[in-house]
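Let me begin by presenting the structure, written as structure tokens, before commenting on it.
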Amino acid sequence: MKPVDFDYVKPTTLAAAVDLLAQGNGSVKAVAGAQSLGPMLNLRLVQPELLVDVTAIPELLGTREEAERIVIGAGVTHARLEDGDTSERTQAVLAQIASGIAYRAVRNRGTIGGSLAHADPAADWLVCTTALGAELLLVGTAGQRTVSAAEFVVGGFETMLAPDELIVEVRVPRLSAGSRWGYYKLCRKRGEFADASAAVLVDDARGFYRCVIGATSGRPIVLDDSRPLSELAGAAAVAEALSPTALAGDAFAIQVHAAAVRRAVRAATA
Amino acid sequence: MFGVGARVRRKEDDRLLRGRGRFVADIALVGMRELAFVRSPVAHARILSFDIPEQVRRQVFTWQDLEPAGVRPIRAASGLPGFKVSEQPPLAADKVRFAGEPIAVTVAATRAEAEDIASQVIAEFDELPPNVDMLAAAAPGAPCVHEHWSDNIFLETRVGQSFEKDVAAAPVRISRSIRTQRQCIVPLEGKGLVAHWDRQAEQLVLYTATQMPHIVRSGLSECLGLPLEAIRVIAPDVGGGFGWKGLLQPEEVVAAWLCLHLGCPLRWMEDRREHLVAAANAREHHYEITAYADADGRLLGVDADAWVDAGAYSIYPFSACLEAAQVGSILPGPYDFPHYRCRTFSVCTNKPPIVPFRGVARANVCFAMEQIIDAIAAAVGREAWEVRLLNLVPPEKMPFDNITGKHFDSGDYPESLRRAVAGIDLASVRRRQLQGEPDGRLVGVGFATYCEQGAHGTAVYHGWGIPMVPGYEQVQARITADGGLELRAGIQSHGQGMETSFAQVAHEVLGIPLERIRLVHGDTGLTPYSTGTWGSRSMVMAGGAVATACRRLADRLRRIAAHLLQARLEDVTLSGGMLQSGQADITIAEIARTWYLAPQLLPADVDPGGLEITAGYKPKSDHGTFSYATHAAVVAVDAEVGLVEILDYLVVEDAGTMVNPAIVEGQIFGGVAQGIGTALYECSPYDDAGQPMASTLMDYLLPGFTEVPAIRIEHMETPSPYTEFGVKGLGEGGVIAPSAVLCNAINDALKARGAVVTDQPVTPARILAALRNARAEPPP
Ligand SMILES: Cc1cc2nc3c(=O)[nH]c(=O)nc-3n(C[C@H](O)[C@H](O)[C@H](O)COP(=O)(O)OP(=O)(O)OC[C@H]3O[C@@H](n4cnc5c(N)ncnc54)[C@H](O)[C@@H]3O)c2cc1C
């Protein structure tokens, strides 16, 4: 369980980082908190020639408040979000999500950008940023683009990131004061990845409703928002939503995902 | 205040808790190189060839290198009639028999480089059908793991006669199929070793994370053909063993030979993945049980077939059959009933060899038997504890020889149950169940009672005929010239706090302060022979030897004191480290100084053995001590998602006289935590190709501190009539009952919905499946 021999650099500008990524032809990997990449290196599931540490790039490290949204640098750790200013509604929700990820030692190093780029179907940020309607700013050698969290993830452990691209920012629309958030994940033990999860946002003031199922075998599933939440929470609707995934027909998976949706809806509507 | 019974802090914790211990991984020798093992990627295959790139050829070794040099396979036969012998070459010879089996070893300056080389070693296999499930492997026609055998059964044992006609009229007949899962042992510190040749001592020195250095030494001697005096095995600080460090390991043989061959120190540290794959080696049993009872729930007979998945090879020294054979003798548990028949099968499969894990076989039979008791209770419409009470061996029958000839030494089993029922407040749980929970969860309560044979000696082990039979346990005790005490014992303390508890025993006899008593253990060069630390034996056996040695030292001290104090021997007393006669007194330190530095003052007839003694000890009966306990738990089951929360956990235990209650409690806490793992989390499943499915800690779930509740312990203290101070072995007890208790509690919670779970671990998926089945077929 030792990684292959690789080089390591820690650039201090975004341009230098994407240049290095572009040169590698796939044998260069970005690294942030190494909480997902580290085990993969040790298991030799990833055998890079070069690691580009992105945690010294200023654009990735800050959090700022804008009128319509909260902008989080991709290199911000779960722990910093957990410790954020909870008097502000959006940040309070982010803090609540962050506090449920793994345990503090992992949160101290793991980052929101790393979590999204890794795209483990069971990851908290994946399902939550999708439910919050967040956007990601991606920067590569060819320039920058903005994509929604929902479309960013293509499948299990698969995203639309090009080899030379980095996630730079995660932009979360500000929640209105009266918005309701519900998030439930089923973990066999605390700090473990979820067996099922669901996130629900009801933001009447902005006319935004979303219910997302996570911890499937693929990308988070956004349920049809034209249907009432009570209907989405039914086992039949969940079974239908899971039918295109590898979990189709899995009685246990359908049952616990349906329970997760029910509980997230309950939390968001109670 | 510091002797037997005192709740003193552990001496060793100062170094261990500050990270100042010395474990194998802390040992670095000049010129030391690192090993990596190439492990079989397939479960069952003939090895056709190796493809090793030329540039690394000299850093790779296979059986083709070891065998011509005279290395012999590991062989652990049992003398039980019918036992089939397996031979395990420490690197696979012509055939691999489980995924993870070492097939080659690589040497390099660093582990990473050794792994680089390992990844270039390619073996070509001719794959054979694997034996993955023990029942299929035991069936006629299954492909043989060892081709010269006639089937895949290491050993079949039979206890008792069939008794159908005696119970034909029994009003209650319960049949159950019960499975317990394959587990890894997962000590905090994995296996590890450093091997080197000590040129001055002309000895092979093996530092290894082991529970039994003397046995490893014997095994190495057999495999390497070296005389014992040319081998020294040292267990430094060891971070937990639980059985995984109670055997001779192939890696030890390979590293020892290779260090002699290469002439340089070598190190191998097992990593977590190696552990989870190559050491998925414990607890996998299958039971088919039928129990008969009368209308009150009194047991009339138990009829069982039990299979143990023993894996591919017989391990040294315990062999492949110890676990199943023990099942036959301990399945009746703490109960008294008239009819019993049990057949057991140690089945050879294409999985890692089974290793006796803490509470070996005991945790499994408790799980099986205690489910049966609950099922009988349900059938006769009584509380499960009432049925237990009806069947437990009562105190007035102690000592008691049970149906398989186990000699229960002492205790009040029913009282532990009554106290558990009161302590868990059964009545209030029943009320709570009637009211229902505000959050909709289902609450349940469960009990399990067991008795645990520990510290079994010659009388038990000679019958197994395995490469190790414990005899007299020896301890050497030496008073130093300044009045300190050195104890040397061949056991090994790897978390049990023996540096403290043995000092307490010595203090009890000699009165020397604890801080002046030192235990040297785990080093074959410095300690008397011992089979090591296993089977809850060290406190009873080596602790007894400490007391014996110290008493004999006390006698010698008194004789010298009588002379120096000019008193009659019978008037000299020893207490508090002081020898007294009337007004005159002298300290142990003064006597020691006299022996070592002023021998001219000694009496003419002084014992020339001086202040140093090696004493051997065996209890009056070495059939083993029997600790016992009742565990009780209250759980809340979330029937929507299958999660279980442990609301309360109570242990009412009796392990005889406690040398140090804090250490006793520590053993129980740790054991219960492991038992919770067995009950709810841990499992090493295999796919149809014999591939282990849990190869990282993401898949192999262990309970963390958030999953282990505050455990309440109540002590009872019935001394054993046979041992020093009346102590009993207790190191394994905590782990025996939790899976039974939690399963029973979960079933009590699910009862309202007509659902029953019977297999471990009780996962959310199993709970929800049981609920779905119950809905599909409503109970009669
Ligand atoms: C024991 C444990 C438990 C865990 N439990 C949970 C849990 O309950 N829920 C959960 O959601 N997560 C969990 N995680 C994962 C954790 O949240 C990781 O921190 C996270 O998934 C990855 O973030 P990182 O910063 O460590 O990324 P790294 O491991 O450094 O990188 C992960 C991947 O992202 C890429 N990457 C990193 N940063 C960027 C970037 N800015 N742009 C583009 N690509 C980038 C890397 O190249 C790599 O492919 C757990 C991890 C551990 C070790």
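Non-local amide H neighbours of B:ASP523 (under 5 Å, H modeled in plane, Pro and chain starts lacking H): which ones? Under 5 Å from the amide H of B:ASP523: B:ALA235.
Relative contact order of chain B, taken over Cα pairs closer than 8 Å and 6 or more residues apart, is 16 percent. Projecting the Cα atoms of A:ALA22, A:LEU51, A:GLY38 onto the charge dipole of the stretch A:1-59 (Cβ charges, centred on the Cα centre) puts A:GLY38 farthest toward the positive pole. Of the two radii for the stretch B:595-668, the radius of gyration is 1.40 times the Kirkwood radius, both from the alpha carbons; that is the Rg over Rh value. Across the stretch B:531-544, rounded Karplus estimates of 3J(HN,Hα) from the backbone phi angles (6.51 cos²θ - 1.76 cosθ + 1.60, θ = phi - 60°) give 6, x, 9, 6, x, 6, 10, 5, 5, 5, 7, 6, x, x Hz, Gly and Pro being marked x.
Of the three principal axes defined by the Cα atoms of the stretch B:535-660, the extents in descending order read 84, 32, 26 Å.
One equal scatterer on each Cα of the stretch B:530-607, no solvent, Debye formula: the resulting log10 I(q)/I(0) at q = 0.13 Å⁻¹ is -0.48.
Distances between every pair of Cα atoms in the stretch B:455-604, grouped in 5 Å steps from 0 to the bin holding the largest one, split as 2, 10, 18, 19, 16, 12, 9, 7, 5, 2, 1, 0 percent. Taken along the Cα-to-beta-carbon direction at a fixed 7 Å, the label points for A:ASP204 and A:SER230 span 1.6 nm. Each principal axis of the Cα cloud of the stretch A:61-173 was evaluated for its coordinate range; sorted largest first, these ranges are 38, 31, 23 Å.
Interface area, chains B and A: about 2200 Å² of buried accessible surface, summed, with a 1.4 Å probe and ligands, DNA and RNA left out. With Cα atoms as the point set, the stretch B:480-568 shows a radius of gyration and Dmax of 14.2, 48 Å. Remark: C-alpha extents of the stretch A:7-53 on the principal axes read 30, 21, 14 Å, sorted largest to smallest.
Dividing the Cα radius of gyration of chain B by its Kirkwood radius returns 0.99 for Rg/Rh.
Leaving out same-chain residues fewer than 8 places away, which aspartates and glutamates sit with a Cα under 13 Å from that of B:LYS397? Of all the aspartates and glutamates, those that pass the test against B:LYS397 - Cα under 13 Å, at least 8 places apart if same chain - are B:ASP336, B:ASP409, B:ASP412. A Cβ-based charge dipole, computed about the Cα centre of the stretch A:180-269 with Lys and Arg at +1 and Asp and Glu at -1, lands at about 380 debye.
A P(r) calculated from all alpha carbon pairs of the stretch B:150-257, with 5 Å bins opening at zero, reads 2, 10, 15, 14, 11, 9, 8, 7, 6, 6, 5, 4, 2, 1, 0, 0 percent.
Under the classification rounded if a/c is under 1.5, otherwise prolate if a/b is larger than b/c and oblate if not, where does the stretch B:324-377 fall, given a ≥ b ≥ c as square roots of the Cα gyration tensor eigenvalues? Prolate is the answer for the stretch B:324-377, as a/c is 1.5 or above and a/b outweighs b/c. Note on A:GLU49/B:ALA28: beta-carbon distance plugged into 1/(1 + (r/R0)^6) with R0 of 30 Å gives a FRET efficiency of 0.50.
Which value in deg cm²/dmol, rounded to the nearest 500, describes the helix-derived mean residue ellipticity at 222 nm for the protein assembly as shown, given -39,500 (n - 2.57) per DSSP H run of n ≥ 4 and division by the residue count?
The per-residue figure over the protein assembly as shown is -8500 deg cm²/dmol.
Here the 3J(HN,Hα) profile of the stretch B:409-415, calculated from phi with Karplus coefficients 6.51, -1.76 and 1.60 at θ = phi - 60°, is 7, 6, x, 10, 4, x, 5 Hz, Gly and Pro shown as x. For the stretch B:684-706, the residues whose amide N sits under 18 Å from a probe point set 7 Å from the Cα of B:SER177 along the beta carbon direction are B:686, B:688. Under the simplified labelling scheme, the A:ALA162-A:ASP19 pair shows an inter-label distance of 1.7 nm, with each label point 7 Å from Cα along Cα→Cβ. With all pairs of different C-alpha atoms in the average, the Kirkwood value for the hydrodynamic radius of the stretch B:624-766 is 16.5 Å. Go ahead and set up a Gaussian network model of chain A, Cα springs under 10 Å, then flag whichever of A:HIS78, A:HIS118, A:HIS257 fluctuates most. Among A:HIS78, A:HIS118, A:HIS257, the largest mean-square fluctuation in the Gaussian network model of chain A belongs to A:HIS118.
Compute the FRET efficiency between B:ALA774 and A:ALA248 as 1/(1 + (r/R0)^6), taking r as their Cβ-Cβ distance and R0 = 22 Å, and round to the nearest 0.05.
Efficiency for this residue pair is about 0.35.
Extending 7 Å from the Cα toward the beta-carbon at both A:THR269 and B:VAL606 defines two label points whose distance is 9.2 nm.
Just so you know, the Rg over Rh for the stretch A:1-140 is 0.98, from Cα atoms, with Rh as the Kirkwood radius. With viscosity 1.306 mPa s and temperature 10 °C, the Kirkwood radius over alpha carbon pairs of the stretch A:180-269 converts through Stokes-Einstein to a diffusion coefficient of 123 µm²/s. The charge dipole of chain A, taken about its Cα centre with unit charges on the Cβ atoms of Lys, Arg (+1), Asp and Glu (-1) only, comes to about 820 debye.
Averaging over every viewing direction, what projected area does the convex hull of the Cα atoms of the protein assembly as shown cover, in nm²? Display every interim value, and only then the final one.
On the way: hull surface 190.4 nm².
Across all orientations, the protein assembly as shown yields a mean hull projection of 47.6 nm².
FRET efficiency for the pair B:HIS261 and B:LEU188, taken as 1/(1 + (r/R0)^6) with r the Cβ-Cβ distance and R0 = 35 Å, rounds to 0.60. Looking at the stretch A:62-146 alone, DSSP beta bridges between its own residues are antiparallel in about 100 percent of cases.
Rounded to the nearest Hz, the phi-derived 3J(HN,Hα) couplings of the stretch B:396-408 under the Karplus curve 6.51 cos²θ - 1.76 cosθ + 1.60 (θ = phi - 60°) are 5, 8, 7, x, 10, 9, 7, 5, 9, x, 6, 9, 6, where x marks glycine and proline. Volume per residue for chain A equals 129 cubic angstrom (convex hull of Cα atoms). Basic side chains Lys and Arg get +1 at the Cβ, acidic Asp and Glu get -1 at the Cβ, and with that the dipole of the protein assembly as shown about its Cα centre reaches some 1240 debye.
The values are calculated or read from the model by the stated rules, or taken from the named source; none is laboratory data. All values reported here derive from a predicted model rather than from experimental measurement. All Cβ positions, even for glycine, are placed from backbone atoms using ideal geometry, and neighbour counts span all protein chains on display. Accessible surface areas use protein heavy atoms only, side chains included; no ligands, DNA or RNA. Shrake-Rupley method; radii C 1.70, N 1.55, O 1.52, S 1.80 Å.
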